[in-house]
Amino acid sequence: WLPTDLDIYVPFRSENLIARLLVGQGYRLHEPASVDVAMYAGTSIHSVHAFSKGRYKIDVIVSVNAASIAPVFQFHTTAVMNFVSADRIFCAYPALTMRARSHVNPTLLYNGGLHRKAIAPLRKYMSRGFTFE
């Protein structure tokens with residue numbers, strides 16, 4: 001497995017700074033990037049910007065406020081509620097994640113059920129060995 005896809009979460013005030021940094025490193029900005037709302041259960045995302053350089057892809061997810069990680073907790077399942085910061089590795093549900101188990105974010109169900117777009121990520125993680133409880 002070779003990582004070629006990265007999501008970077010930034011606070012609202014850092015949107016332009018990270019864009020300039022990535023362009024300065026040779027990444028190309030693809031606009032307009034659309035937010036796939038099926039991936040999230042809430043509305044803490046201001047915008048998403050897609051960058052690429054060859055086969056490498058970076059999505060910059062901009063929070064609506066200073067809490068850059070707020071969108072992480074609105075993902076479709078607990079399997080991906082994890083992040084790496086400058087000095088920490090965080091896993092919101094380690095007992096589940098380390099056993100390849102996950103819960104569906106109940107907010108998705110509350111806000112209108114699981115749409116076809118919301119099912120795709122579940123299938124993706126099932127194909128990687130995750131089960132949903």
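Every number here is computed from the coordinates shown, using simple stated rules; none is lab data. Please read all numbers here as calculations on a predicted model, not as lab measurements. Cβ placement follows ideal geometry from the backbone for every residue including glycine, while neighbour counts extend to all protein chains displayed.
Quick notes on this one:
- Net charge contributed by nearby residues that have their C-beta within less than 12 Å of residue 49 (K/R +1, D/E -1): -1
- With neighbour counts taken as other beta-carbon atoms within 10 Å, the residues 29, 17 rank, fewest first, as 17, 29.
- Between the Cα long axis of helix 116-127 and the first principal axis of the chain there is an angle of about 80°, rounded to the nearest 10.
- Contact order, relative form, for the chain: 23 percent (alpha carbon pairs under 8 Å, 6 or more residues apart, mean separation divided by residue count).
- Counting all C-alpha pairs of the chain, share separated by more than 27 Å (%): 21 percent
- Efficiency of FRET from Cβ geometry, residue 89 and residue 31, R₀ 30 Å, rounded to 0.05: 0.40
- Amide H partners (placed H, <5 Å) of residue 8, local residues excluded: 59, 60, 61
- Rounded to the nearest Hz, the phi-derived 3J(HN,Hα) couplings of the stretch 54-59 under the Karplus curve 6.51 cos²θ - 1.76 cosθ + 1.60 (θ = phi - 60°) are x, 8, 8, 10, 10, 9, where x marks glycine and proline.
- Two-site FRET efficiency, residue 66 against residue 126, from Cβ-Cβ distance with R₀ of 30 Å, rounded to 0.05: 0.30
- Annotation: amide H of residue 100 has no partner in the under-5 Å range at sequence separation 5 or more or interchain, hydrogens built in the peptide plane.
- Residue-by-residue Karplus 3J(HN,Hα) for the stretch 70-79, coefficients 6.51, -1.76, 1.60, Hz, glycine and proline x: 3, x, 4, 7, 10, 5, 4, 9, 6, 4
- For residue 68, nonlocal amide neighbours, meaning residues 5 or more places apart or on other chains whose placed amide H falls under 5 Å from its own, do not occur.
- Nearest 10 degrees, 0 to 90: helix 15-24 Cα axis against the chain principal axis: 70 degrees
- Taking Lys and Arg as +1 and Asp and Glu as -1, the other residues whose beta-carbon sits under 14 Å from that of residue 19 total +1.
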